[in-house]
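Participant: Provided herewith is a single structure, encoded as structure tokens, for subsequent inquiry.
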Amino acid sequence: MLNIAVFVSGGGTNLQALLDAQQAGQICGGQIVAVMASKPGVYALERAAKHGIAAEVVRKAEYADTAQYAQAMLQFLHRHQIGLIVLAGFLSIVPEEVIRAYPNKIINIHPSLIPSFCGPGFYGLRVHQAVLDAGVKVTGATVHFVNEVVDGGAILFQKAVSVEEDDTPETLQRRVMEQAEWKLLPLAVSKFCEGKIQVEGRRTRILP
């Protein structure tokens, strides 16, 4: 059974989707054992507590430099014997030291169809506002591996979501979460834990 850590920065709706999937037996071969938040007081920490999952806050501002911040992260991960890291609305940049220590073992959910509307500065409602400003008719969500390039890792799963005429960033964000993010993330986690994802360069192969 693979130990999973979920990194969060806010309300934890994607964390909740994972917890619900786990409770329903939809995550095979793995279990969420730890949650790490980038700041205190976020509701995601309460979600973890309600499910009896160990949770800690690791704030970048509390460390003298990125190397110390990375070391704190790695200590947290080693302490819980983590085999998979899931970024579920985690708004801090993962240090390269952590990425190198967990190659193709960190996955992220991004609220657009990469390579559109992604990269530095594209997070939260900013993504959905950019989608509306561009006038595109279809958006969606992407689950991808994390590497040193923001939103640049190999893609695992994508799902399209229609943009409606009267959408606001908030209504579009909700639809993308409900129709794509909350479905794709538990699927990707389960496939990873089952050993059904192969990485071939920038491509991934999902085994049956």
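Participant: Stretched out fully, how many nm does the piece from GLN68 to LYS50 gain, at 0.36 nm a residue minus the Cα gap?
Facilitator: 3.4 nm
Participant: Sticking with this one: At a 1.4 Å probe, what is the % contribution of carbon and sulfur to the accessible area of the stretch 94-208? Each step should come with its number before you reach the end.
Facilitator: On the way: 2890 of 5710 Å².
For the stretch 94-208, the apolar C and S fraction of the accessible surface comes to 51 percent.
Participant: If you don't mind, there's one more thing I want to ask. Keeping all protein chains in place, calculate the accessible area per residue for the chain (probe 1.4 angstrom), answer in Å².
Facilitator: Heavy-atom accessible area per residue stands at 48 Å².
Participant: Which lysines have a Cα less than 25 Å from the Cα of LYS137, not counting those fewer than 8 places away in the same chain?
Facilitator: Correct list for LYS137: LYS159, LYS183.
Participant: In nm, to one decimal, how far is the modelled label at LYS196 from the one at GLN81, with both set 7 Å along Cα→Cβ?
Facilitator: Those two pseudo-labels are separated by 2.5 nm.
Participant: Kindly provide the GluC sites (Glu not before Pro) of the stretch 107-208 that DSSP labels as loop, not H, G, I, E or B, and whose Cβ sees at most 15 other Cβ atoms within 10 Å. List each step's numbers first, then the result.
Facilitator: Values: sites: GLU148, GLU164, GLU165, GLU170, GLU178, GLU181, GLU194, GLU200; in loops: GLU148, GLU164, GLU165, GLU194.
Sparse-neighbourhood loop GluC sites (Glu not before Pro): GLU148, GLU164, GLU165, GLU194.
Participant: A follow-up question, please. Measure nothing but the geometry: give the 0 to 90° angle between the long axis through the Cα atoms of 13-23 and the longest principal axis through the Cα atoms of the chain, rounded to 10°.
Facilitator: Around 70 degrees separate the two axes.
Participant: Leaving ligands, DNA and RNA out of it, work out the accessible area of ASP166 with a 1.4 Å probe and give it in Å² to the nearest 10.
Facilitator: Here the residue's solvent-accessible area equals roughly 120 Å².
Participant: Moving on. Quick one: length gained pulling GLU148 to GLU164 fully straight, 0.36 nm per residue minus the C-alpha distance?
Facilitator: 2.4 nm
Participant: Out of all DSSP beta bridges in the stretch 29-157, what portion is antiparallel? Express it as a percent rounded to 5. Kindly include the intermediate steps, with their values, before the conclusion.
Facilitator: Details: 6 of 13 bridges.
For the stretch 29-157, the DSSP antiparallel bridge percentage is about 45.
Participant: Return the inverse of the average 1/r over all pairs of distinct C-alpha atoms in the stretch 1-133, which is the Kirkwood hydrodynamic radius, in Å to one decimal.
Facilitator: 15.5 Å is the Kirkwood radius here.
Participant: Also: Tell me, Kirkwood radius of the stretch 65-206 from alpha-carbon pair distances, in Å?
Facilitator: Final number for the Kirkwood radius of the stretch 65-206 is 15.8 Å.
Participant: Given Cα pairs under 8 Å that are at least 6 residues apart, what percent is the relative contact order of the chain?
Facilitator: 21
Participant: How far is helix 66-79 tilted, in degrees, relative to the longest principal axis of the Cα atoms in the chain, given as a value from 0 to 90 rounded to the nearest 10?
Facilitator: 70
The values are calculated or read from the model by the stated rules, or taken from the named source; none is laboratory data. For clarity, every value in this text was computed on a predicted model and none was experimentally measured. Because the Cβ atoms are built from the backbone with ideal geometry, glycine has one as well, and the counts that use them run over all protein chains shown. Ligands, DNA and RNA are excluded from the accessible area calculation, which covers all protein heavy atoms including side chains. Shrake-Rupley method; radii C 1.70, N 1.55, O 1.52, S 1.80 Å.
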